[in-house]
Amino acid sequence: MQKNFICPFCSGQLYLNERIVLSAQKHDGTRGLILLTPELGDYRAIKHPTFKIIAGEHIDFYCPLCHKNLMVERNDKKFTQVTMIETGDEFEVFFSQIAGEKCTYVVGDDYFKAYGEDADENTNFWGVKPNY
Ligand SMILES: [Zn+2]
């Protein structure tokens, strides 16, 4: 299945060489590029070894093309949002901004799915219920 990931602001392609490319910034201002796998619920990230991230740290993610902050707030929790296009359908993908916290939500028209051991599968704060 062909997947693509684009910036929700500029629609620029973030998907390159089977990785999602994002610009990241820590609270101390340190920046680095992060490559994420397109497998939802897989939290292995590729980054330069000098860009160190400690579990529990809050990371801001930016579009590497338009430099907009990809953060969205839902129910007092901060998430990073990217748009996923899969076989012509569009989904919003939300993942935690806390390093090491494994929760990803995929939301489409009439579609909701949670991934990761820290995700609350019964959450309905997007107004939709899981449909598996
Ligand atoms: Zn952008």
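Values in this text are rule-based calculations from the coordinates and carry no lab data. Given the structure is predicted, the values throughout are model-derived calculations rather than measurements. Don't worry about glycine lacking a Cβ; one is built from the backbone with ideal geometry, like all the others, and counts go over all protein chains shown.
If you take the charge dipole of the chain about its Cα centre, with +1 on Lys and Arg Cβ and -1 on Asp and Glu Cβ, which of N17, L40, V107 is farthest toward its positive end?
Value: N17.
Taking the highest mean first, how do the peptides 57-63, 16-22 order by number of other beta carbon atoms within 10 angstrom per residue?
Descending mean neighbour count gives 57-63, 16-22.
Identify unpaired cysteines across the chain, taking unpaired to mean no other cysteine Cβ lies under 4.7 Å from the residue's Cβ.
Lone cysteines by the Cβ rule: C103.
Highest mean first, how do 65-72, 47-54, 28-35, 98-105 rank when packing is the count of other Cβ atoms within 10 Å averaged over residues?
The peptides rank, most packed first, as 98-105, 65-72, 28-35, 47-54.
Using a simple charge model, +1 on the beta-carbon of Lys and Arg, -1 on the beta-carbon of Asp and Glu, nothing else, what dipole does the chain show about its Cα centre, in debye to the nearest 20?
Computed charge dipole of the chain: roughly 520 debye.
Kindly flag which residue pairs out of K26/K68; K47/K77; K77/K113 have an alpha-carbon separation exceeding 22 Å in this structure.
K47/K77
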